[in-house]
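The values are calculated or read from the model by the stated rules, or taken from the named source; none is laboratory data. All values derive from a computational prediction rather than experimental measurement. Because the Cβ atoms are built from the backbone with ideal geometry, glycine has one as well, and the counts that use them run over all protein chains shown. Surface areas here come from the heavy atoms of the whole protein model, side chains and all, with no ligands, DNA or RNA. Shrake-Rupley method; radii C 1.70, N 1.55, O 1.52, S 1.80 Å.
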Amino acid sequence: MAERYYQPEIETASRETIEAMQSERLVATVKRVYENVPFYAEKMRAAGVTPEDIHGVEDLHKLPFSYKQDLRDTYPYGLFAVPLHDVVRLHASSGTTGKQIVVGYTRHDLEIWNDCCARALTAAGCTADDVVHIAYGYGLFTGGLGADGGATRLGATTVPVSSGNTQRQVTILRDFGSTVLCCTPSYALHIAEVLHENGLTKDDIKLKAGIFGAEPWTNEMRRQIEEELGIRAYDIYGLTEIIGPGVAFECSEQSGMHVNEDHFIVEVIDPDTGAVLPDGEQGELVFTCITKEAFPILRYRTRDIGVIHRGKCSCGRTLAKMTKPRGRTDDMLIIRGVNVFPSQIETVLIEQGYAPVYQIVVDRANNFDSIEVRVEISSEIFSDTVRDLAQRAKELSAALKNLLGIHAKVTLMEPNSLPRSEGKAVRVIDRRKLLD
């Protein structure tokens, strides 16, 4: 199959063209942000830099970093660069407390997002003749509406199923003749399980490709998805803070994701010193938005660890290529597409009257993530009846789900049963194999 491009003039542009475009857009964005976002103006002044110091991408390193904490400190609209009446969409993702990370989009921002996702779909072989089954969640989560916008932009037939009710998903896949599937990789495998439970195989559906993201997955998992559903499985990368899915996407080579560099400048830095690293070296991924109007975040530290390569890909694209994230520099876990921080769990425990002595165990069985929270209880509580303990665990599990949005098994442990440490407490045991 010949390689397809949604916007070939961008996707196959020369390095010189891409960098010239980035420089022009960076200069304009920094000036606009400085003039319209007091938070950034103050931060730049503190760093001793003004818009006049930024002449192009070569000066990007002069700008201060942005952090997730900045979004919490300015909740909900403090980083918006346009008046709220110009914002036509809000999305949000979870933070480490009850407050969400809120981002806004103008009409132009949504057009950009649609283009980014259309590029990803096109790279996976999708055209206007396809039926795109979107099983990402809709709502404040960016997955569903991001993929929806890209598919609609292509003129494909879009099926906005959202997540859940897997039996119905299988029925729709068969009856509607869906050819492209968009969801988390673990949910793709769950769909395959239900398909087989119904006595059906990949030959009973018309899927040819899938675009999967929002959680870590291995190439081993890719191979299983491809075999179970009879498709080619493509990766997609994004963060709500940057735009959502479509920041980077996989091509036919399936060996990394092309960054949409006309909209986002990517850097790799040493996570300890902040120094910019050369291409090919592993470090923390940092993104700067250079075309967004409502929420043009500068030098955002993603905490994702990866590597960037530049050069022409065998697919013909010249956009920089990033590896799958190889881990994180913070303690955030990504479980079934949901960001989970130990501090969130600690907050719930304290609110429910428990001491913050706990351990989080994350595992993966049949490519489905599970989370168990082991909570050490006092001798007084431990002396309760089995029925009382079971009720306590149930109530605590419900409180965790209310905050996290996913189910967590709760195991109440007897006093002094969890390991102690003289240094930093080992809060998380992650048994998943996230890298091949």
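The table for this structure:
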{"item": "Filtered residue count, segment 298-312, keeping only those that are on the phi < 0 side of the Ramachandran plot, assigned to a loop (DSSP other than H, G, I, E, B) and surrounded by fewer than 21 Cβ atoms within 10 Å (Cβ to Cβ)", "result": "3"}
{"item": "Residue list for segment 262-277, filter: out of contact with any helix residue (DSSP H, G or I) (no Cβ under 9 Å at 6 or more places or on another chain), open to solvent by 20 Å² or more (accessible area, probe 1.4 Å) and not hydroxyl-bearing (Ser, Thr, Tyr)", "result": "Asp270, Pro271, Asp272, Leu277"}
{"item": "Check on Phe65, within 26 Å of Arg303 (Cβ to Cβ), open to solvent by 20 Å² or more (accessible area, probe 1.4 Å), modelled with pLDDT of 95 or more and in contact with a Lys or Arg (Cβ under 7 Å, 6 or more places away or on another chain)", "result": "yes"}
{"item": "Cβ-Cβ under 7 Å pairs, at least 6 apart or on other chains, segment 199-214 side farther than 24 Å from Ser93 by Cα and open to solvent by 60 Å² or more (accessible area, probe 1.4 Å), far side aliphatic (A, V, I, L, M) and assigned to a loop (DSSP other than H, G, I, E, B)", "result": "Lys208/Ile231"}
{"item": "Test: Val82 is assigned to a strand (DSSP E or B) and either within 30 Å of Leu400 (Cβ to Cβ) or over 20 Å from the mean Cα position of the chain (by Cα) (or both)", "result": "no"}
{"item": "Criterion violated by Glu351 - all others in (1) in contact with a Lys or Arg (Cβ under 9 Å, 6 or more places away or on another chain); (2) farther than 30 Å from Tyr187 by Cβ; (3) charged (D, E, K, R) satisfied", "result": "(1)"}
{"item": "Selection status of Asp363, crowded, with 19+ Cβ neighbours inside 10 Å, modelled with pLDDT under 95, touching a strand residue (DSSP E or B) at 6+ places or on another chain (Cβ under 6 Å) and of a type in the set (Asp, Glu)", "result": "no"}
{"item": "Every residue from segment 366-389 that is open to solvent by 60 Å² or more (accessible area, probe 1.4 Å) and either over 22 Å from Met332 (Cβ atoms) or charged (D, E, K, R) (or both)", "result": "Asn366, Ser379, Glu380, Phe382, Ser383, Thr385, Val386, Arg387, Asp388"}
{"item": "Segment 121-132 - residue that is in contact (Cβ under 8 Å) with a residue 60 or more places away in the chain, in contact with a Cys (Cβ under 9 Å, 6 or more places away or on another chain) and under 26 Å from Thr171 (Cα atoms) and, of those, surrounded by the fewest Cβ atoms within 10 Å (Cβ to Cβ)", "result": "Ala124"}
{"item": "Residues of segment 321-360 satisfying the condition of being farther than 25 Å from Gly244 by Cα, out of contact with any helix residue (DSSP H, G or I) (no Cβ under 8 Å at 6 or more places or on another chain), touching a residue at least 40 places away in the same chain (Cβ under 8 Å) and open to solvent by 30 Å² or more (accessible area, probe 1.4 Å)", "result": "Val357"}
{"item": "Where Lys424 falls short, out of the listed (1) open to solvent by 80 Å² or more (accessible area, probe 1.4 Å); (2) modelled with pLDDT under 90; (3) under 30 Å from Glu228 (Cα atoms)", "result": "(3)"}
{"item": "Filter result for Arg392 (of a type outside the set (Gly, Ala, Ser), at pLDDT 85 or above and either touching a Pro at 6+ places or on another chain (Cβ under 8 Å) or open to solvent by 20 Å² or more (accessible area, probe 1.4 Å) (or both))", "result": "yes"}
{"item": "Filter result for Val361 (of a type in the set (A, V, I, L, M, F, W, C) and more than 30 Å from Gly139 (Cα to Cα))", "result": "no"}
{"item": "Matching helices (runs of 4 or more DSSP H) fully within segment 1-49 where at least 3 residues are closer than 25 Å to Thr318 by Cβ and either open to solvent by 50 Å² or more (accessible area, probe 1.4 Å) or without any contact (Cβ under 8 Å) to a residue 12 or more places away in the chain (or both)", "result": "15-36"}
